[in-house]
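Trainee: Take a look at the following structure, please.
The values are calculated or read from the model by the stated rules, or taken from the named source; none is laboratory data. Source: prediction; values computed, not measured. Neighbour counts are summed over all protein chains in view; Cβ atoms, including those assigned to glycine, are modelled from backbone coordinates with ideal geometry. Only protein heavy atoms, including side chains, enter the accessible area calculation; ligands, DNA and RNA are left aside. Shrake-Rupley method; radii C 1.70, N 1.55, O 1.52, S 1.80 Å.
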Amino acid sequence: MSVPVANLTFPEGHKLKDISFKTGLFINNQWVNGEGNKTIDTVNPTTGKTIASVAEASAKDVDIAVEAAQKAFDTVWGERVPGHERGRLLFKLADLFDQHADQLASIESLDNGKAFSFARGFDVPEAAACLRYYGGWADKDHGKVIEVNDSKLAFTRHEPIGVVGQIIPWNFPILMFAWKLGPALATGNTIVIKVAETTPLSAFYATQLIAQVLPPGVVNVVTGYGNITGAAISSHMKIEKVAFTGSTLVGRTIMKAAATSNLKTVTLELGGKSPNIIFDDADLEQAAGWATFGLFFNHGQCCCAGSRVFVQEGVYDKFLEILQAKVKAIKVGSPFTADTFQGPQTSQLQYDRIMAHVQSGKEEGAKVLMGGERHGTEGFFIQPTIFTDVKPNMRIVKEEIFGPVVVVSKFKDEDDIVAQANDTMYGLAGALFSRDISRALRVAKRIQAGTVWVNCYNQLHSQVPFGGYKQSGIGRELGEYALANYTNVKAVHVNLSSPAPL
Amino acid sequence: MASTSLSTILRVQNANISVPTGLFINGNFRKGRGKSITTIDPSLGTPVLPPGVTICGASKEDVDDAVKAARQAFQTTWGLNTPGTERSRLIHKLANLIERDQADLALLETVDSGKPISWSKADITDTVACLRYYAGWADKIVGQTLECNVKEKQGFTRHEPIGVVGAIIPWNYPMFAWKIAPALAVGCSLVFKPAENTPLSVLKIAELFNEAGFPAGVFNVVNGFGAETGSAIASHPGIDKVAFTGSTATGRAIAVAAAQSNLKKVTLELGGKSANIIFPSADLDQAVNWAALGVFENAGQSCSAGSRVLVHESIYEEFCKKIKIAAEKIKLGPTLDEETWQGPQVSETQFKRIMEHIRIGKEEDKGRVLTGGKQWGTKGYYIEPTIFVDISPKARISTEEIFGPVLVVLPFKTEEEALELANSTEYGLGSAVHSQDPSQIQRVAAKLNAGTVWINQYTFTGNNIPFGGYKTSGWGRELGSYGLENYLSVKAMHYYYGEPIEFPLKL
């Protein structure tokens, strides 16, 4: 039986008409069927209709991918290839991403529902930039020579781990793909990566580009359900490291499986309920603009979304007025309409979960200032929603919603806001708006989060690390810090002159 | 007949290579007011360019203009005004263009410097790799966040580009990007002086800066003579840092001029008289090959040339037999011939100096010539690969840098004696240990006073491995992450947010 193929058609007026590419599992630079030729359908969230099917990977398929990755590591990657050559290939791949930016972005919008203007203007170029950033690291992750005493030479080697397993989510499919590939490949590892079964298409398209650049087996791309394919990776006895981005709930499962199987190392990028703090000396217009962007960007589907906005009492009313105006101005519509800011949520499941949260907010007594209903009648669109008069124990305040729903509260002073901001099991990000830089630095220190934005939101750069405190995760991605996730440190002690003790 | 345009066409083999002849300042080629240069093809002893065509030289005023352009760029379109990722992109683009034009650049390099064509090509490959290496660093320059008294202040360091860099490079590896790459990566702008013996290839590269899209003024080329152009750079009050590679004598003068003018920062890569030490456990055939490469590569015109080989007495006779055979295998010939391994010395002046050293070796130091010792051929400045034995370690040719294809072989008895011999030099650039005994290797490597110790190897550097001298071989290190430091200034910021203080402060 032949390998599944995606035949996608884009809406009338879009710069691309249609596109076709194989959606078989990508193993050893070949596209193959999954065991039993099983497939998963992927849906266009703008219409709710199926647009393609992709091969589904069973545990056996994961085995095959791991074997391919191990062989590649032992023969054509890892320490067989010097760092500068790995870097050169990453740069080449980045160039291909740039050359195929229209294709990648169009597929991303169709499959995930994000606006094409964002996919083309942010997701794809940032993915290429990330590959380049790590391409530059590939020949620079050196060990240390450590003085102990004259009788020995002690040094460290920073070695690749080998085959790493990576599991990525559906909110920034191609960008998350690059965040994982970059550091893992730069340090010399080979990869078995499971992309989200709801948004697999941009990665499967990218496999054509990978096949032009990397030796077979270095990157293997599979997809499937978490409890089958994801579980196969996290419990695989021959994978020594798993990196997961997704919900805290699933992150727990991954970590348990890793511990139970072979104690593979684990890094996790999980959920958040990040506080966005508006002090009374903030530039309110700017703060409201950033706060709107901070939550509603990517339809609220951001692990670091500023989903709890706290406004100092004295400026609460004024701020809320400006915020409402900005949220009202959000254009909800088809991803392929030029001025769309917010497209549909990515799937029926996500839509249902968000609406359930909205419902709970209503039932628990919060006030719906704006929104709170479905937008339109087709596709998974939700109106931008603001809740006020919320209490800390409400579900909409405690739980990650992952949709276009923001809760707004008041605070008195610094001590009060630090307590409220940190009153969460999460710790991914936070922000504060103030024109008093001393206050900003003071408060930044006290927020228990891996990223603190001062007078901005959702600013990410390949050079700056990103990750969570508390239940938002383990480890850091981006920056030099990410290299450590994919490195085994070996200490070598060379005895020069010490006689044996016995 | 003087050339009125600022470029000329050079016909080499079947290529017509257009060569700019002006100074390159602020993105444009223009005339120079300094002494102009007639560059000679040392394989023939005749000018490279058509009759009457000279390369413009820079006067003090021209250097002034270049510095102004570099400063303007640094303050407006370059420096930290251009983010690291963009600097990275531009340096990559430059590397790609040099790679694209490798064939023409290699031809130019060969006729100008006398390097055989296969070596010129290899130099360009190295240059491209060096640019790519440093391009990767451009967006990874990080400072430190420093915790102090938490009630009072936060410390930060900024690693800022130092500003306008004067770079003066020699004629033995004109293509090398060792200064250009790290300086650009961190955001410095450059006033760049190639050697007067080899002015051409960098002028061609200047065109590529424009093509790559660098802002005007980031890279400026001022050809000229040391006394006029070089000293103008070393003493210029508007240059923040001078990086020099060349002789120790000139290096001293640069440092003095820097100190007397504006105390500009100085890094120096100077001469050497590096010792290649061969112990009895060494793989002798391999050691011979590395020793031959180490001294005869680039016709001996390498600052880190292994110009003294110290051989343990038990293998001395055998070593001498084998190194003589190796030296005599070296093929000299026309530089454009792919089969030629060793070309001429770069100039008549260098040729004469080396021949004089050979004469001193024979007549004053009373050494025995094992092989070579004469001019090769009748045209150009070729010298036979030459080996001296039976000579004192204190002889002039055993202690002075010759910078030619002349090797001195000295026997030793013990490890201590080898170290003593190796370290009795004012220099400290390169060295090597050939041995299969890991403890010996480590002991000896630890005690050698040199910036590079090769173990069972010689000559080959790596873009990520630092290179530089102990003692009079220089100041500072190039290559690796170490190379970046030469072009950075560290600014410490103390962010105070503590309690107000009284004055006078009660301690």
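Trainee: Looking at region A:319-329, is at least one residue assigned to a helix (DSSP H, G or I), in contact with a helix residue (DSSP H, G or I) (Cβ under 7 Å, 6 or more places away or on another chain), within 27 Å of A:Arg439 (Cα to Cα) and open to solvent by 30 Å² or more (accessible area, probe 1.4 Å)? First the steps, then the outcome.
Mentor: The first filter runs over region A:319-329 and keeps only residues assigned to a helix (DSSP H, G or I), leaving A:319-328.
Cutting the leftovers down to in contact with a helix residue (DSSP H, G or I) (Cβ under 7 Å, 6 or more places away or on another chain) gives us A:319, A:322-323, A:326-327.
With within 27 Å of A:Arg439 (Cα to Cα) added as a condition, the list becomes A:319, A:322-323, A:326.
Imposing the further condition that a residue be open to solvent by 30 Å² or more (accessible area, probe 1.4 Å) reduces the set to A:326.
Yes, region A:319-329 has at least one match.
Trainee: Residue under question is B:Thr54, and the condition is that it be touching a residue at least 12 places away in the same chain (Cβ under 8 Å), open to solvent by 60 Å² or more (accessible area, probe 1.4 Å) and out of contact with any Leu (no Cβ under 9 Å at 6 or more places or on another chain); does it hold? Show your work before the answer.
Mentor: Working: touching a residue at least 12 places away in the same chain (Cβ under 8 Å): yes; open to solvent by 60 Å² or more (accessible area, probe 1.4 Å): no; out of contact with any Leu (no Cβ under 9 Å at 6 or more places or on another chain): yes.
Spelling it out, it is not the case that B:Thr54 is touching a residue at least 12 places away in the same chain (Cβ under 8 Å), open to solvent by 60 Å² or more (accessible area, probe 1.4 Å) and out of contact with any Leu (no Cβ under 9 Å at 6 or more places or on another chain).
Trainee: Does A:Val358 qualify as being closer than 30 Å to A:Asp281 by Cβ and of a type outside the set (Asp, Glu)? Write out each step before concluding.
Mentor: Numbers: closer than 30 Å to A:Asp281 by Cβ: no; of a type outside the set (Asp, Glu): yes.
Judged against the criteria, A:Val358 is not a match.
Trainee: Please indicate, with yes or no, whether at least one residue in region B:39-49 is open to solvent by less than 50 Å² (accessible area, probe 1.4 Å), among the aliphatic types (A, V, I, L, M) and assigned to a loop (DSSP other than H, G, I, E, B). Quick ask: steps written out before the conclusion?
Mentor: Initial filter on region B:39-49 (open to solvent by less than 50 Å² (accessible area, probe 1.4 Å)): B:39, B:41-43, B:45, B:48-49.
Now drop any that are not among the aliphatic types (A, V, I, L, M), which leaves B:48-49.
Add one more test, that the residue is assigned to a loop (DSSP other than H, G, I, E, B), and what stays is B:48-49.
Among the residues of region B:39-49, at least one is open to solvent by less than 50 Å² (accessible area, probe 1.4 Å), among the aliphatic types (A, V, I, L, M) and assigned to a loop (DSSP other than H, G, I, E, B), which makes the answer yes.
Trainee: Do we find that A:Ala69 is open to solvent by less than 50 Å² (accessible area, probe 1.4 Å), within 22 Å of A:Gly162 (Cβ to Cβ) and within 24 Å of the chain's Cα centre (by Cα) in this structure? Explain how you work it out, then say what you get.
Mentor: Values: open to solvent by less than 50 Å² (accessible area, probe 1.4 Å): yes; within 22 Å of A:Gly162 (Cβ to Cβ): yes; within 24 Å of the chain's Cα centre (by Cα): yes.
Spelling it out, A:Ala69 is indeed open to solvent by less than 50 Å² (accessible area, probe 1.4 Å), within 22 Å of A:Gly162 (Cβ to Cβ) and within 24 Å of the chain's Cα centre (by Cα).
Trainee: Condition first: surrounded by fewer than 18 Cβ atoms within 10 Å (Cβ to Cβ) and more than 27 Å from the chain's Cα centre (by Cα). Now tell me which residues in region B:370-380 satisfy that.
Mentor: B:Lys374, B:Gly377, B:Thr378, B:Lys379
Trainee: Report the residue count in region A:489-502 for those that are within 14 Å of chain B (Cβ to nearest Cβ) and out of contact with any Asp or Glu (no Cβ under 8 Å at 6 or more places or on another chain).
Mentor: Residues of region A:489-502 within 14 Å of chain B (Cβ to nearest Cβ): A:492-499.
Keeping just the survivors that are out of contact with any Asp or Glu (no Cβ under 8 Å at 6 or more places or on another chain) gives A:492-495, A:498-499.
Counting residues in region A:489-502 that are within 14 Å of chain B (Cβ to nearest Cβ) and out of contact with any Asp or Glu (no Cβ under 8 Å at 6 or more places or on another chain) gives 6.
Trainee: Looking at (1) out of contact with any Ser or Thr (no Cβ under 9 Å at 6 or more places or on another chain); (2) at pLDDT below 95; (3) crowded, with 24+ Cβ neighbours inside 10 Å, find the lone condition where B:Asn149 falls short.
Mentor: Among (1) out of contact with any Ser or Thr (no Cβ under 9 Å at 6 or more places or on another chain); (2) at pLDDT below 95; (3) crowded, with 24+ Cβ neighbours inside 10 Å, the lone unmet condition for B:Asn149 is (3).
Trainee: Continuing with this model, one more query. Can you find a residue that is more than 14 Å from chain A (Cβ to nearest Cβ) and charged (D, E, K, R) anywhere in region B:78-99?
Mentor: Among the residues of region B:78-99, not one is more than 14 Å from chain A (Cβ to nearest Cβ) and charged (D, E, K, R), which makes the answer no.
Trainee: Considering each of A:Gly314, A:Gly294 in turn, give the residue that is among the small types (Gly, Ala, Ser), in a helix (DSSP H, G or I) and surrounded by 19 or more Cβ atoms within 10 Å (Cβ to Cβ). Walk me through it before giving the result.
Mentor: Working: A:Gly314 fails: surrounded by 19 or more Cβ atoms within 10 Å (Cβ to Cβ).
Answer to the selection: A:Gly294.
Trainee: Here is a follow-up. Please go through region A:20-61 and give me each residue that is open to solvent by 20 Å² or more (accessible area, probe 1.4 Å), among the β-branched types (Val, Ile, Thr) and in contact (Cβ under 8 Å) with a residue 40 or more places away in the chain, ordered by number.
Mentor: A:Val43, A:Thr46, A:Thr47, A:Ile51 - these are the residues of region A:20-61 that are open to solvent by 20 Å² or more (accessible area, probe 1.4 Å), among the β-branched types (Val, Ile, Thr) and in contact (Cβ under 8 Å) with a residue 40 or more places away in the chain.
Trainee: Right, something else. I need a count of the residues in region A:411-420 that are in a helix (DSSP H, G or I), surrounded by fewer than 19 Cβ atoms within 10 Å (Cβ to Cβ) and away from chain B (no Cβ under 14 Å). Steps first, answer last, please.
Mentor: Going residue by residue through region A:411-420, those that are in a helix (DSSP H, G or I) are A:414-420.
Next cut, surrounded by fewer than 19 Cβ atoms within 10 Å (Cβ to Cβ) only: A:414-416, A:419.
So of that shortlist, the ones also away from chain B (no Cβ under 14 Å) come out as A:415-416, A:419.
Residues meeting the conditions: 3.
Trainee: Sticking with this one: When you go through B:Ala305, B:Ala299, B:Ala327 one by one, which is the residue that is modelled with pLDDT of 95 or more, part of a loop (DSSP other than H, G, I, E, B) and crowded, with 20+ Cβ neighbours inside 10 Å?
Mentor: Numbers: B:Ala299 fails: part of a loop (DSSP other than H, G, I, E, B); B:Ala327 fails: part of a loop (DSSP other than H, G, I, E, B).
Selected residue: B:Ala305, the only one of B:Ala305, B:Ala299, B:Ala327 that is modelled with pLDDT of 95 or more, part of a loop (DSSP other than H, G, I, E, B) and crowded, with 20+ Cβ neighbours inside 10 Å.
Trainee: Can you name the residue in region B:402-418 that is part of a helix (DSSP H, G or I) and touching a residue at least 60 places away in the same chain (Cβ under 8 Å) and, of all such residues, is nearest to B:Gly114 (Cα to Cα)? If you could, list the steps in order and put the result at the bottom.
Mentor: Just the residues of region B:402-418 that are part of a helix (DSSP H, G or I), to begin with: B:415-418.
Remaining after also requiring touching a residue at least 60 places away in the same chain (Cβ under 8 Å): B:415, B:418.
Values: B:Glu415: 39, B:Ala418: 35 Å.
The selected residue is B:Ala418.
Trainee: Additional query: Does any residue in region A:421-441 that is part of a helix (DSSP H, G or I) come within less than 9 Å, Cβ to Cβ, of a residue that is among the acidic types (Asp, Glu) and open to solvent by 10 Å² or more (accessible area, probe 1.4 Å) six or more places away or on a different chain, and which pairs are these?
Mentor: A:Arg439/A:Asp281; A:Arg439/A:Glu414
Trainee: Any residue that is of a type in the set (Ser, Thr, Tyr), in contact (Cβ under 8 Å) with a residue 40 or more places away in the chain and under 20 Å from B:Ala450 (Cα atoms) - is there at least one of those in region B:381-389?
Mentor: no
Trainee: Still on this structure, please answer the following. Cβ-Cβ below 6 Å, separation at least six or inter-chain, first residue in region B:12-35 and part of a loop (DSSP other than H, G, I, E, B), second aromatic (Phe, Trp, Tyr): which pairs?
Mentor: B:Gly22/B:Phe29
The rows are residues; the columns are (1) under 18 Å from B:Gly300 (Cα atoms); (2) open to solvent by 10 Å² or more (accessible area, probe 1.4 Å); (3) part of a helix (DSSP H, G or I); (4) away from chain A (no Cβ under 14 Å).
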residue	(1), (2), (3), (4)
B:Thr425	no, yes, no, yes
B:Leu429	yes, no, no, yes
B:Ser439	no, yes, yes, no
B:Arg443	no, yes, yes, no
B:Ala446	no, yes, yes, no
B:Gly451	no, yes, no, yes
B:Phe460	yes, yes, no, no
B:Asn464	no, yes, no, no
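Trainee: Would you call A:Lys15 more than 24 Å from the chain's Cα centre (by Cα) and closer than 30 Å to A:His375 by Cα? Please lay out each step first, then the result.
Mentor: Values: more than 24 Å from the chain's Cα centre (by Cα): yes; closer than 30 Å to A:His375 by Cα: yes.
Criteria met by A:Lys15.
Trainee: Taking region A:428-438 as the search range and keeping residues that are within 14 Å of another protein chain (Cβ to nearest Cβ) and among the small types (Gly, Ala, Ser), which one is least open to solvent (accessible area, probe 1.4 Å)?
Mentor: A:Ser434
Trainee: Moving on. Scan region A:153-160 and tell me whether some residue there is of a type in the set (Phe, Trp, Tyr) and more than 29 Å from A:Thr199 (Cα to Cα).
Mentor: Taking region A:153-160 as the starting set, the residues that turn out to be of a type in the set (Phe, Trp, Tyr) are A:155.
Of the ones still in play, those that are also more than 29 Å from A:Thr199 (Cα to Cα) are A:155.
Yes, because at least one residue in region A:153-160 is of a type in the set (Phe, Trp, Tyr) and more than 29 Å from A:Thr199 (Cα to Cα).
Trainee: Restricting to region B:111-151, name every residue that is within 10 Å of chain A (Cβ to nearest Cβ) and among the small types (Gly, Ala, Ser).
Mentor: Within region B:111-151, B:Ala129, B:Ala135, B:Gly136, B:Ala138 qualify.
Trainee: Further question: Taking region B:381-423 as the region of interest, how many residues are on the phi > 0 side of the Ramachandran plot and surrounded by fewer than 23 Cβ atoms within 10 Å (Cβ to Cβ)? If you could, list the steps in order and put the result at the bottom.
Mentor: Start the filter on region B:381-423 by keeping residues that are on the phi > 0 side of the Ramachandran plot, which leaves B:390, B:403.
With surrounded by fewer than 23 Cβ atoms within 10 Å (Cβ to Cβ) added as a condition, the list becomes B:390.
Counting residues in region B:381-423 that are on the phi > 0 side of the Ramachandran plot and surrounded by fewer than 23 Cβ atoms within 10 Å (Cβ to Cβ) gives 1.
Trainee: When B:Lys471 is evaluated against the numbered criteria (1) at pLDDT below 95; (2) within 14 Å of another protein chain (Cβ to nearest Cβ); (3) out of contact with any Lys or Arg (no Cβ under 8 Å at 6 or more places or on another chain), which criterion, by number, is the only one it fails?
Mentor: That leaves (2) as the condition not met.
Trainee: State which residue is farthest from the other protein chains (Cβ to nearest Cβ) when the search covers only region A:439-488 and only residues that are of a type in the set (S, T, N, Q) and open to solvent by 30 Å² or more (accessible area, probe 1.4 Å).
Mentor: Going residue by residue through region A:439-488, those that are of a type in the set (S, T, N, Q) are A:448, A:451, A:455, A:458-459, A:462-463, A:471-472, A:485, A:487-488.
From what is left, the residues that are open to solvent by 30 Å² or more (accessible area, probe 1.4 Å) are A:448, A:455, A:459, A:463, A:471, A:488.
Working: A:Gln448: 16, A:Asn455: 16, A:Gln459: 13, A:Gln463: 5, A:Gln471: 25, A:Asn488: 20 Å.
The qualifying residue farthest from the other protein chains (Cβ to nearest Cβ) is A:Gln471.
Trainee: Going by the structure shown, is A:Thr377 of a type in the set (S, T, N, Q), part of a loop (DSSP other than H, G, I, E, B), over 22 Å from A:Thr248 (Cβ atoms) and in contact (Cβ under 8 Å) with a residue 12 or more places away in the chain?
Mentor: Details: of a type in the set (S, T, N, Q): yes; part of a loop (DSSP other than H, G, I, E, B): yes; over 22 Å from A:Thr248 (Cβ atoms): yes; in contact (Cβ under 8 Å) with a residue 12 or more places away in the chain: no.
So A:Thr377 fails the test.
Trainee: Has region A:125-135 got any residue that is of a type outside the set (Val, Ile, Thr), more than 10 Å from every other protein chain (Cβ to nearest Cβ) and open to solvent by 50 Å² or more (accessible area, probe 1.4 Å)? Reasoning before the result, please.
Mentor: Here is the first cut: in region A:125-135, the ones of a type outside the set (Val, Ile, Thr) are A:125-135.
Narrowing the set further to residues that are more than 10 Å from every other protein chain (Cβ to nearest Cβ) leaves A:125-128, A:130-131.
With open to solvent by 50 Å² or more (accessible area, probe 1.4 Å) added as a condition, the list becomes A:126.
Yes, region A:125-135 contains at least one residue that is of a type outside the set (Val, Ile, Thr), more than 10 Å from every other protein chain (Cβ to nearest Cβ) and open to solvent by 50 Å² or more (accessible area, probe 1.4 Å).
Trainee: Also, quick follow-up: Can you find a residue in region A:78-88 that is under 27 Å from the mean Cα position of the chain (by Cα) and basic (Lys, Arg)?
Mentor: yes
Trainee: While we're looking at this one, here's another question. Kindly list, by first and then second residue, each pair from a residue in region B:355-379 that is at positive phi to a residue that is open to solvent by 50 Å² or more (accessible area, probe 1.4 Å) and of a type in the set (Val, Ile, Thr), limited to pairs with Cβ atoms under 7 Å and residues at least 6 apart or on different chains.
Mentor: Filtered contacts from region B:355-379: no entries.
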